[in-house]
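Single-structure report; data block below.
The values are calculated or read from the model by the stated rules, or taken from the named source; none is laboratory data. What you see is a predicted model; the values in this text were computed from it and never measured. When we count neighbours, we look across all protein chains shown, and the Cβ atoms used for this are built from the backbone with ideal geometry, even at glycine.
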Amino acid sequence: MDKNSVYRTNIIGAGEVGVAISADMDKNSIHKTNSIFWDTKGNEVLGATALPLYGAFVSEEKCQLFGDISGKKMLEIGCGSGQSLQYVGEHKASELWGTDISEKQIEKTKQLLTSCGLSATLICSPMEEECGIPEDYFDFVYSIYAIGWTTDLEGTFRRIASYLKKDGVFIFSWSHPIHKCVVAENDMLAFKKSYFDESWYSVSLDEGTLTLSDRKLSTYVNALSKAGFVIEQMIEQSDDEMMQSRDDNDDFAKKAKMLPVTFVIKARKL
Ligand SMILES: C[S@@+](CC[C@H](N)C(=O)[O-])C[C@H]1O[C@@H](n2cnc3c(N)ncnc32)[C@H](O)[C@@H]1O
């Protein structure tokens, strides 16, 4: 198959994105493309990317990965429109911090939290870069469908480890890489892409463009280990009740019955 026309499956649960164009791994141009998307489109396009949801069919209400967060200092990486910060704020976290590459998303977070009577320290920056976040400070760092956008996974995990106190917890969710390889076709699931292919590509979504790469699970696991984390729990299971509440003809729900569409990892800084 032509390298420039590899079929890619949907990003989360949004419409199929179709043809992918291979892209250079050039950090600046990836940041530029993706910031324009998040500045103009936003997270509603993807859906299910804020707590209590970790993504489609996985919920914190069922998984209880955070436990009691009252009095805890929390940092969200890629805070988007701020709903997850609202969720942890309403669960009595003592300090809220959020970062995002998009000025527009930071503005949305500010407005949402203000309307809920919550306050947070918000920083507009790519997660790969130094941006004044304190070190050895946070009880929890978390990220809901944002980590995968990094152009430097190992460097980003090292930074996240530096923000956490010893024994601090890092929780993140992202599209399961197997979901990105398989498409629903005539009541069958078909492999359309190699699981091993981590090359960067651009796709069109809702008249915008996003650039990303589908990393293997082992890439995430090994990068966590290199950054000094130990994995305590991993979720791959789709929630039965959430799947049943979807329409029977929904291809995405059918797919989720057969394979994980989201993964969540809870890791602890050693
Ligand atoms: C799918 S959204 C999820 C955000 C959030 N969980 C929500 O639902 O509002 C991904 C977010 O990551 C941000 N993002 C993308 N690339 C980033 C990067 N390199 N550094 C920091 N944030 C980034 C985007 O601006 C976007 O707000």
| So Ala93, is it within 9 Å of the ligand (Cβ to nearest atom), under 23 Å from Val264 (Cα atoms) and in a loop (DSSP other than H, G, I, E, B) | no
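For residues that are of a type in the set (Val, Ile, Thr) and either over 16 Å from the mean Cα position of the chain (by Cα) or part of a loop (DSSP other than H, G, I, E, B) (or both), scanning just the range 24-79, find the one that is nearest to the ligand (Cβ to nearest atom). Can you show your working first?
In the first step, residues of the range 24-79 are kept if they are of a type in the set (Val, Ile, Thr); the result is 30, 33, 36, 40, 45, 49, 58, 69, 77.
Adding the requirement that they be either over 16 Å from the mean Cα position of the chain (by Cα) or part of a loop (DSSP other than H, G, I, E, B) (or both) leaves 30, 33, 36, 40, 49, 69.
On the way: Ile30: 8, Thr33: 10, Ile36: 10, Thr40: 11, Thr49: 4, Ile69: 17 Å.
Per the criteria, the residue is Thr49.
Name the one entry in Phe172, Phe191, Phe196 that is in contact with a Phe, Trp or Tyr (Cβ under 7 Å, 6 or more places away or on another chain) and not charged (D, E, K, R). Outline the logic, then answer.
Working: Phe191 fails: in contact with a Phe, Trp or Tyr (Cβ under 7 Å, 6 or more places away or on another chain); Phe196 fails: in contact with a Phe, Trp or Tyr (Cβ under 7 Å, 6 or more places away or on another chain).
Answer to the check: Phe172.
Pick out the one residue from Ser225, Ser175 that is of a type in the set (Ser, Thr, Tyr), out of contact with any Lys or Arg (no Cβ under 7 Å at 6 or more places or on another chain) and surrounded by 20 or more Cβ atoms within 10 Å (Cβ to Cβ). Talk me through it step by step, then tell me what you get.
Values: Ser225 fails: surrounded by 20 or more Cβ atoms within 10 Å (Cβ to Cβ).
Testing whether each residue is of a type in the set (Ser, Thr, Tyr), out of contact with any Lys or Arg (no Cβ under 7 Å at 6 or more places or on another chain) and surrounded by 20 or more Cβ atoms within 10 Å (Cβ to Cβ) leaves just Ser175.
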| Which condition breaks for Ile36 when tested against (1) surrounded by 22 or more Cβ atoms within 10 Å (Cβ to Cβ); (2) under 21 Å from Ile123 (Cα atoms); (3) touching a residue at least 40 places away in the same chain (Cβ under 8 Å)? | (1)
| query | Do the conditions hold for Ser194, that is, is it in contact with a strand residue (DSSP E or B) (Cβ under 9 Å, 6 or more places away or on another chain), under 28 Å from Phe37 (Cβ atoms) and of a type in the set (Gly, Ala, Ser)? | reply | no
| query | Out of the residues in the range 29-68 that are of a type in the set (Phe, Trp, Tyr) and closer than 19 Å to Pro260 by Cβ, which is modelled with the highest pLDDT? | reply | Tyr54
